[in-house]
1. Kindly indicate whether any position in segment 7-22 is at pLDDT 85 or above, in contact with a helix residue (DSSP H, G or I) (Cβ under 8 Å, 6 or more places away or on another chain) and outside any helix (DSSP H, G or I).
């Protein structure tokens, strides 16, 4: 949050929204995340 000059609350609201929409998955307990649509976006640009 500090790096992008946003409040912690704003970042958590965004993360929770993305998780609820199935666009973000928590990969590990160390707060690593996976954006689920990235493979589709990469594939569509390279085909």
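The values are calculated or read from the model by the stated rules, or taken from the named source; none is laboratory data. This structure is a prediction, so every number in the text was calculated from the model and none was measured. All Cβ positions, glycine included, derive from the backbone under ideal geometry; neighbour counts span all protein chains shown.
1. So far as segment 7-22 goes, no, none of its residues is at pLDDT 85 or above, in contact with a helix residue (DSSP H, G or I) (Cβ under 8 Å, 6 or more places away or on another chain) and outside any helix (DSSP H, G or I).
Condition check ((1) modelled with pLDDT of 90 or more; (2) assigned to a loop (DSSP other than H, G, I, E, B); (3) in contact with a strand residue (DSSP E or B) (Cβ under 6 Å, 6 or more places away or on another chain)) across all residues:
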{"position": "25", "(1), (2), (3)": "yes, no, yes"}
{"position": "28", "(1), (2), (3)": "no, yes, no"}
{"position": "34", "(1), (2), (3)": "yes, no, yes"}
{"position": "39", "(1), (2), (3)": "no, no, no"}
{"position": "42", "(1), (2), (3)": "no, no, no"}
